[in-house]
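A short write-up of the structure that comes next.
Quick note: the coordinates plus some simple rules give every number you see, no bench work behind them. Treat the numbers as computed from the prediction; the structure is a model and nothing was measured. Heads up, the Cβs are rebuilt from the backbone with ideal geometry, glycines too, and the neighbour counts pull from every protein chain shown.
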Amino acid sequence: MRLLPFCFSALVTVLLLFILSRPIGNKVPMPLGNFLSPQTGFWQNAEDTAFDYNMDLLQSDLKGNARVYFDERLVPHVFAENDEDLYFIQGYLHARFRLFQMDLQTKAAEGRASEIAGPAAINYDKEQRRLGMKFAAENTLKEIEKDKEALARYTSYTKGINAYINTLTQSTLPLEYKILNFKPEQWSNLRTMLLLKMMAKMLSSGTENDLENTTLRTILSPTQLALLYPQVNDSLVPIIPKGTLFTEPMRKHTLPANVDSVYFSNPRAVVANEKYPEDKDNGSNNWVVAGNKTASGAPILCNDPHLELSLPSIWYEMQLSTPTSNAYGATLPGSPFVIIGFNDNIAWGVTNSQRDVKDYYAIKFKDHLKKEYWFDSAWKPAQQRVEEIKIKGQASVFDTVSYTIFGPVIYDAAYADTVAHQAALAVKWTAHHTSDDGSTFYKLNRAANYNEYVDAIKSFECPGQNFVFASKTGDIAIWQQGKFPDRWQGQGQYVMPGQDSSYLWQGYIPQNENPHALNPERGFLESANQRPVDGTYPYFIPGTYITPRGIAIEHFLSRMNSISVQNMMQLQNNYYNILANDMLPVFLEHTDEAALTTEAKKYLGIIKQWNFDAGPTSVGQTVYQFWLDSLQRNIWVDELKAAGTQVPIPGEQTLMELLKIDSTLLNFVDDKNTPQLETLTFQVTKALNSAAAMLAISEKDGKLEWAKFKEPAIYHLLKSNLPSFAREHLPVGGAGSVINAIKKVMGQAGAWWFN
Amino acid sequence: MKFFISIITIGILSFIIGLYAPWWSLAIVAFVVALFINQQPFSSFLSGFLGVFILWLLLALFINAANDSILANRIGGMFGIGQSSILLAFISAFVGGLVAGFAALSASYLRTKK
């Protein structure tokens, strides 16, 4: 033996094995040896492009015979003999194609992202736990456990997922587990509930501005607030056709005795801000046209859910069939049933209601232990949950969350930027206590007519949805369905006093008083996240409504006849910027052409020729967007900066409405930082000049066409950590206020996965 | 002759054992084979290296061809070497080969007389 060379080469071998068996910093989070091995690593995930998935499903856990057929787009069509097998197979297939997505979403829901992402996600996890996400999922599961049949369906689904997980080996592990170096965890019914709560958060947690409103109230008068952030936009085209009569409300509420002194006229600045707010523009379109407006004589139903586009998609298309049911459509990996789709008799779709179902209450704790809080003239004990946040590569962090009669205390001295001398904030949210919302879809998958559709949806609570409906027999309908608090005028618009039971929600709007319409004379119904009803609806229903898309859809549908499916597909991709059509005349009227720069004159010429098409090659849309952004800055920033924290600027729709009737915009047009009085003409002209300077730079970069400027992209779930998995520079137009609502950039938030 | 037999034995055994054992089993395979088939240190290293290098390269290229380079191009992007699936196959094979080479070299030194 040659001792020295042996020791040297043995050491090199061991060292190589050592280096290749563990992550190397944040850039290489995976053990390279395993990852690069063609027998166990990522190469094993590179599937044969001609792979036959039909061979892939051979499970011995089934009760009866079952068949899965993948069509040419790889959409699975499942045929089972009973529900148990059906949802077992759905769970198996969801896991087979989307396991990492399901795992990631439910871990994030539960506040366990740090286990995958490391210390960068600690605050995200704290916020999830303080919002009570797991608490909410547990409450819903308790409700489901009271219903044996429903529980059996969820359990079959869970078993199907676990059956797939149990087949996994190091080489068949989904790619992302190999990249991030962890293993999937067994599924459970609770995780299905967590997934549904993640949807509830996405769609009903960001639909309020209570904290921002509370801050705004310190710098704006009640009149200004009401005009700049109106409950009902003048140009609103509601979901329920105008002129519909609403019955006298069944419920009556009482105002708290001290509401004026304690609530309305007690401006209290709030420093807390949600660190991970949901996108308030998460919205969708759906509509239905009756047979008398279609070429075939049968109703046509359309739905375009605008949730964040990601790779893989949030949706998974399937057919689920048994001898007694046959549903086809979009499913949600992590949950059983078809969520949006059709069966042999009906079709249905959903858009988000945008209703505010989440309020904040200022809590007064006895001391820093947060074990007692002042409520109805006594110290009341708070339940406490000690949250252990496990962190990849680091010791756990602990956080204590107190639960009050309102709900969990989301902000206090231990979390977020609430200053110490201020009351803690508890959050009350309908998602904390819901019944079995998932079973609405089980029933919809089997509903055969209008009555069965109403029966299916009436127990649905959160997130409130606009359920559009059509039946083969010719009925069309829409219900805005959810569990919505019956608020007194102004209740929950701002942070509410939390020391007094009179500020609690006094009840919920009765289900049969939820806005709805059946077979209207005009022959169509639509929803696009706008306020569901006009001002005559007898309840106070705040929310983050989006007005323009509804106006545009109504504009087209009311003019269309002999509609074909092709026409409807075109309308879903429509690029008409109806709001710009209303706004631009105001801009042009107040442009002082003599005061424009040469560049500005050129862009003015372009926008004067614009046909309000916001398609990918539109230059007018780019000019409009720059001009609008610039004007909004000129008008709002000088005043709203005083809030000292991020507050939403008044909407584009509201700006347009106000400018048409008041060119001083309640004096907001004036720049209050200068001694002289600026006019609207001054500001509009100045805005175009500064927009032109930026446009010229964009043009030099070859980015004047709308799609080239906004560069829409769809990212992998791990976002900017995996740019090579994204589809970038998509040649699509659209904007938030356009029917085809693809925005500037999708999915840039949350770039924290590898730190 | 020993040289080629070594390469082929290491390649085949690494493949078979790699079906059931973790990736690092190739180090043991190369070590044991080099113990039994004694060669000069450099030849041992080279047969260990080539045995696994060729195996991994062929496997990776074969998988990559069936996959139309879809995934490997993206993984290449992730590692910052661009959309070069072939390069990634060579890098993978080189890493595997290096480990096997040094394992075989160690065995060779163990058996070589002073």
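Laid out as a table, the results:
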{"read-out": "Per-residue Cβ neighbour rank within 10 angstrom, fewest leading, A:462, A:7, A:302", "value": "A:7, A:302, A:462"}
{"read-out": "Cα gyration tensor of the protein assembly as shown - equivalent ellipsoid semi-axes, whole Å, descending", "value": "53, 33, 31"}
{"read-out": "Lysine pairs in region A:360-430 with Cα atoms under 26 Å, if 8 or more residues apart or on separate chains", "value": "11"}
{"read-out": "Centroid-to-centroid separation of region A:591-668 and region A:548-589 [C-alpha atoms, Å]", "value": "21"}
{"read-out": "With Cα atoms, 0 to 90° folded angle of helix A:189-204 axis to chain A main axis", "value": "20"}
{"read-out": "Taking N as its residue count, the alpha carbon Rg of region A:459-576 over 2.2 N^0.38 Å", "value": "1.30"}
{"read-out": "Taking chain A and dividing mean pair separation by its residue count, relative contact order in percent (alpha carbons under 8 Å, at least six apart)", "value": "15"}
{"read-out": "Which of A:201, A:293 has the fewest Cβ neighbours within 10 Å, and the rest in rising order", "value": "A:293, A:201"}
{"read-out": "Average beta-carbon neighbours from other chains, 10 Å sphere, peptide B:69-80", "value": "5"}
{"read-out": "In degrees, nearest ten, helix A:598-608 long axis to first principal axis of chain A (Cα)", "value": "80"}
{"read-out": "Over chain A: helical MRE at 222 nm, DSSP H runs n ≥ 4 each giving -39500 (n - 2.57), nearest 500", "value": "-10000 deg cm²/dmol"}
{"read-out": "Relative contact order computed over region A:578-725 (Cα-Cα under 8 Å; 6+ residues apart), in percent", "value": "35"}
{"read-out": "Residue-averaged beta-carbon neighbours from other chains (10 angstrom radius) around A:25-38", "value": "5"}
{"read-out": "Residue-averaged beta-carbon neighbours from other chains (10 angstrom radius) around A:708-715", "value": "0"}
{"read-out": "Convex hull per residue volume in Å³, alpha carbons only, for region A:1-51", "value": "96"}
{"read-out": "Distance in nm between pseudo-label sites at residue A:472 and residue A:502 (7 Å out along the Cβ direction from Cα)", "value": "5.8"}
{"read-out": "Convex hull volume per residue in cubic angstrom - Cα atoms of region A:578-725", "value": "148"}
{"read-out": "Rule-of-thumb Rg ratio for chain B [Cα; 2.2 N^0.38 Å; N residues]", "value": "1.14"}
{"read-out": "Burial ordering of B:106, A:439, A:205, A:325, fewest other beta-carbon atoms within 10 Å first", "value": "A:325, A:439, A:205, B:106"}
{"read-out": "Residue-count net charge about residue A:691 - beta-carbon cut-off 13 Å; Lys, Arg +1, Asp, Glu -1", "value": "+1"}
